[in-house]
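Below is one structure, written out as structure tokens; the observations come after it.
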Amino acid sequence: MEINKSSQNKSGIKDYLTKQFYLIKSELLTLRLSWKWSLLIVLVSPISVLIFLYLLVGMKNPEYMNYVISGNIIMSLVTGTMLTLGQELGVLKQIRGFDYYASLPIKKIQLITAYLIRATILTLPSIIVLIFLGRIIFDVQININFTMLLIIFLSGLSLSGLGAFIGVYSANMEQSSTVTQIIQPLIVYCAPVFIPFESMPKIMQYISYLVPTTYVSNALRKSFVGEFDLISIVVLLLFSIVSVYLVEYKIDWRQKS
């Protein structure tokens with residue numbers, strides 16, 4: 001009996017990973033059609049903000065560039081994951097693409113994971129450019145390590161529930177696009193992403209505890225100097241677990257448009 005259970009578990013894991021592999025592969029294949037425009041979007045916004053903030057503040061306060069670099073990396077991640085996920089699921093709902101995926105023997109989180117991996121891959125060039133500019137041009141200490149990769153993964157997963165809810169429950173793709181573009185600056189600027197926590201108004205300090213990007217920014221800046229922010233990582237992991245639960249058990253992708 002134990003042998004049968006063990007073989008069934010192995011078969012189930014293999015089946016899950018096989019389905020996940022093909023979903024990721026299908027999403028990556030779509031990059032052939034739109035990768036140039038998608039890459040342009042994730043490159044232009046953070047780099048233009050980087051240059052603007054450097055000219056505005058960074059020239060007078062070089063230490064602030066640490067916040068500028070990490071903040072722009074976070075903006076790239078938010079744009080590439082939450083915003084893109086919400087908008088693309090909104091499109092998928094409008095064209096009744098959920099009817100197709102609902103007929104497949106897959107879990108909802110597998111589809112979201114495939115979207116997130118594709119979106120994260122698209123943000124990597126932007127992150128690499130920002131790290132290069134930070135280290136070479138602005139002399140910011142940035143250590144590339146496993147912690148940074150973990151933060152990049154958790155940042156997308158922790159925001160996936162929000163992006164998925166927006167995409168699935170918006171009336172159409174125009175509404176999902178509008179809502180994501182409203183929420184994006186809120187989760188960036190209501191957290192200590194570009195400014196120190198101590199410099200924020202009291203009300204925003206309290207709000208920031210509820211925003212995943214607060215913990216992404218804390219963990220990312222510490223990873224720059226080779227430190228592991230256990231508290232922020234654990235909180236991000238909790239946000240990620242909540243997102244996975246909401247996506248898998250609380251989102252109904254069979255609902256009518």
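What pairs can you find where one residue is in segment 224-236 and farther than 18 Å from Met65 by Cα and of a type outside the set (Lys, Arg), the other is surrounded by fewer than 18 Cβ atoms within 10 Å (Cβ to Cβ) and at pLDDT 90 or above, and their Cβ atoms are less than 8 Å apart, with a gap of 6+ or different chains?
Ile233/Leu150
Looking only at segment 196-225, which residues are within 22 Å of the chain's Cα centre (by Cα), among the hydroxyl-bearing types (Ser, Thr, Tyr) and part of a helix (DSSP H, G or I)?
Selection gives Ser208, Thr213, Thr214, Tyr215, Ser217, Ser223.
Out of all the residues in segment 120-133, is one or more surrounded by fewer than 13 Cβ atoms within 10 Å (Cβ to Cβ), in contact with a Phe, Trp or Tyr (Cβ under 7 Å, 6 or more places away or on another chain) and closer than 30 Å to Asn61 by Cα?
So in segment 120-133, the residues surrounded by fewer than 13 Cβ atoms within 10 Å (Cβ to Cβ) come out as 128, 132.
Remaining after also requiring in contact with a Phe, Trp or Tyr (Cβ under 7 Å, 6 or more places away or on another chain): none.
Taking every residue of segment 120-133 in turn, none turns out to be surrounded by fewer than 13 Cβ atoms within 10 Å (Cβ to Cβ), in contact with a Phe, Trp or Tyr (Cβ under 7 Å, 6 or more places away or on another chain) and closer than 30 Å to Asn61 by Cα.
Taking Gln87 as the residue in question, decide whether it is in contact (Cβ under 8 Å) with a residue 24 or more places away in the chain, not in a helix (DSSP H, G or I) and not small (Gly, Ala, Ser). Talk me through it step by step, then tell me what you get.
Working: in contact (Cβ under 8 Å) with a residue 24 or more places away in the chain: yes; not in a helix (DSSP H, G or I): no; not small (Gly, Ala, Ser): yes.
Here the answer is no, as Gln87 does not meet what is asked.
Got a sec? Which of Ser70, Ser48 is surrounded by fewer than 16 Cβ atoms within 10 Å (Cβ to Cβ) and on the phi < 0 side of the Ramachandran plot? Show your work before the answer.
Details: Ser70 fails: surrounded by fewer than 16 Cβ atoms within 10 Å (Cβ to Cβ).
Step by step, each of Ser70, Ser48 is checked, and only Ser48 is surrounded by fewer than 16 Cβ atoms within 10 Å (Cβ to Cβ) and on the phi < 0 side of the Ramachandran plot.
Can you go through Ser76, Ser70 and tell me which one is closer than 25 Å to Leu39 by Cβ and touching a Gly at 6+ places or on another chain (Cβ under 9 Å)?
On the way: Ser76 fails: touching a Gly at 6+ places or on another chain (Cβ under 9 Å).
Exactly one of Ser76, Ser70 is closer than 25 Å to Leu39 by Cβ and touching a Gly at 6+ places or on another chain (Cβ under 9 Å), namely Ser70.
Output the number of the condition that Val129 fails; it satisfies all remaining conditions of (1) hydrophobic (A, V, I, L, M, F, W, C); (2) farther than 30 Å from Tyr22 by Cβ; (3) modelled with pLDDT of 90 or more.
(3)
Could we say that Val193 is outside any helix (DSSP H, G or I), at pLDDT 90 or above and either touching a strand residue (DSSP E or B) at 6+ places or on another chain (Cβ under 9 Å) or surrounded by 16 or more Cβ atoms within 10 Å (Cβ to Cβ) (or both) here?
Details: outside any helix (DSSP H, G or I): yes; at pLDDT 90 or above: yes; either touching a strand residue (DSSP E or B) at 6+ places or on another chain (Cβ under 9 Å) or surrounded by 16 or more Cβ atoms within 10 Å (Cβ to Cβ) (or both): yes.
The answer is yes for Val193.
Between a first residue in segment 96-108 that is within 16 Å of Val247 (Cβ to Cβ) and outside any loop (DSSP other than H, G, I, E, B) and a second residue that is of a type in the set (D, E, K, R) and modelled with pLDDT of 80 or more, which pairs have beta carbons less than 6 Å apart while being 6 or more apart in sequence or on different chains?
Lys108/Glu248
So that you can scan it fast, the table gives a plain yes or no per residue for (1) closer than 30 Å to Glu248 by Cα; (2) among the hydroxyl-bearing types (Ser, Thr, Tyr); (3) surrounded by fewer than 22 Cβ atoms within 10 Å (Cβ to Cβ):
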position	(1), (2), (3)
Leu53	no, no, yes
Val57	no, no, yes
Asn61	no, no, yes
Thr81	yes, yes, no
Thr84	yes, yes, no
Arg96	yes, no, yes
Pro105	yes, no, yes
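The values are calculated or read from the model by the stated rules, or taken from the named source; none is laboratory data. Because the structure is a prediction, the values reported are computed rather than measured. Every residue, glycine as well, gets a Cβ built from its backbone with ideal geometry; the counts of neighbours run over all protein chains shown.
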